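Have a look at the structure below, then the notes.
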Amino acid sequence: MADLLKLLLRVAEKAANVARVCRKEAPLFQLLVQEKTGVDKNKKFVQDFKTLADVVIQEMIRHDVGAQDCFMFEKFPGEESNKFENGLGESVIVTVCGTEKETAALLATVLDGDQTAATLLARAIHQDAKLTLTDTGTDDLHIPLSPSDLGIWIDPIDATSQYIEGREEAAEEGRLCPSGLQCALVLIGVYLRATGEPVMGVINQPFNHKDPTGWKGKHFWGVSCGSVKACSVLRPKDRPAETTAAGGPGLSVVMSSSEKQAVKEALAPLCGPDRLMYASGAGYKILCVILGLADVYVLSEGSTFKWDSCGPHALLRALGGGMVDLKECLHSSGSSHCQGGHQDQGELTYHQPHIESTGADHWANQGGLVAYLNCQILHRVIGELKGKF
C-alpha cells in the first residue's frame, strides 16, 4: 500500500502539472478559454479543449498506474469518455502512447492538426513529476490487500468551471476560497471492490499558492483500512459548537450557493454570522472539512458522483470522520450511532451503480451527502434538516 500511495501521489502531481501547463502556455491557454461562434459553434471539436484537458489527465493517470505490473486494476473508471470526433468527423480514441512523439501525433489528430498545442501537451504528459515526498508515515503502511481487491475512481479536474475561468482569489489565512483556481483539484480514490469502502485518497491542489515563478501546488493523502489510519494532515481540534442562541460561535457549514433555500434556512440557526459559507467544487468543499475550515459540507441534490467523493472520503475516514447519504439519514426511522468516529449507517460506498439510471447517473451520489469529522455535529445537522425539505 505504501508503494501504491507513492505512485498515486506522483501521478496526481503529473496531472496537476498538466493543468498548470494548459494555463501557462499561450497556445494551450487560447484553446482552453476560446468560445466557438458562427459555423464553428456546433462543430464537434473535442467538445472544446477543456474536455480534452480532463481526458488527457485521466488517461495519463490510467497509463502510469497501469504501467506498473503490480497495480493492474480490473475496475478503473474515470469521469470522462476518451472517445472524440474531430473537425473532420474522424473518431479518435485519446490514449497516452509509449513515446512523447507518438502521443503528440495522436493529439494533433484531435486538435485539427495544431502541432504546437499537441507537442506542448504531449511534453507535459511524458514529463516526470518533480515531487519530493517529505510526508512521514508513507513508508509504514502495511495492509494485506491485493490490487485485485481494489477499484479506483479518478476526477481529473474537479471544479472545471473554476479552472477555465481562472480567477485568482486572495485566500485569507484560516478561511476558505469561495471560488477561483484554488477550488480546482485532482482527485484519486481507491476503494474495496467487495464492500465499496474508501480506503485511500489523494487530493492534489494544483493552484494552492503563487510565488514569483508561478503557481505552486499542494497534495494531501489519507489511508483508512481496518485499524490502519494515516493522513498527511492532522485532525483539526474539536471545539465547542454551541448554537448562536446559546451565545457560542455556532457551527460552520459549507455548501453550494445554489443549495435549496429550505436547507439554508434550516441550518442558519446553527450557524453564527458568516458561518454559513459557500464555495465552488464538491472536492474543494470536502477538503474544507478535512482542513477544519468548515465543520460540515451539506448537499441536498444528487449532483456529485463517485469520482468526486471517493478520494476525499478516504481522508475524512482516516481522520475519524466520514461522508453519508443525506436522504438515507433523513429517512432513517431508528437512532444512529457512531462507531470508531464513523456513522454506523448511511456511509457512502463506491462499488455499486444505480441500475435504474443511465449514463453518468449510474454513479451519482443520488441522495445528496454530508461530509463531517465530528459525528455529534453530523447528528445535529441531520436533526435540524429532518422534515424541513
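Residue order by solvent-accessible surface for Ser81, Ser146, Ser252 is Ser81, Ser146, Ser252, largest first, with ligands and nucleic acids left out and a 1.4 Å probe. Over segment 243-385, accessible surface divided per residue gives 36 Å², non-protein components excluded, 1.4 Å probe. With a threshold of 26 Å on the Cα-Cα distance, the over-threshold entries among Lys260/Lys386; Lys14/Lys83; Lys218/Lys386 are Lys218/Lys386.
Residues in segment 157-172 carry Karplus couplings, in order, of 9, 7, 6, 4, 4, 5, 5, 5, 5, x, 5, 9, 7, 7, 8, 7 Hz; the curve used is 6.51 cos²θ - 1.76 cosθ + 1.60 with θ = phi - 60°, and Gly or Pro positions show x. Share of carbon and sulfur in the accessible area of segment 243-385 stands at 49%, probe radius 1.4 Å.
For segment 243-385, the C-alpha radius of gyration sits at 0.99 times the compact-globule guess of 2.2 N^0.38 Å, with N the residue count.
The local environment of Leu326, defined by Cβ-Cβ distances under 13 Å, has a net charge of -2 under the rule Lys, Arg +1 and Asp, Glu -1. Multiplying the sequence separation of Lys210 and His362 by 0.36 nm and subtracting their Cα-Cα distance, what value in nm do you get? Roughly 50.9 nm would be gained on extension. Taking a 25 Å limit on the Cα-Cα distance, which of the listed pairs Lys24/Lys101; Lys6/Lys237; Lys6/Lys306 fall beyond it? Those over the limit are Lys6/Lys237. Extension gain for Gln115 to Glu328 (0.36 nm times residue separation, less C-alpha to C-alpha distance): 71.6 nm.
The values are calculated or read from the model by the stated rules, or taken from the named source; none is laboratory data. Small disclaimer: the values here were computed from a predicted structure and weren't measured. FYI the Cβ positions are ideal-geometry reconstructions off the backbone, even for glycines, and counts take in every protein chain you see. The area values use the complete protein model at the heavy-atom level, side chains included, leaving out ligands, DNA and RNA. Shrake-Rupley method; radii C 1.70, N 1.55, O 1.52, S 1.80 Å.
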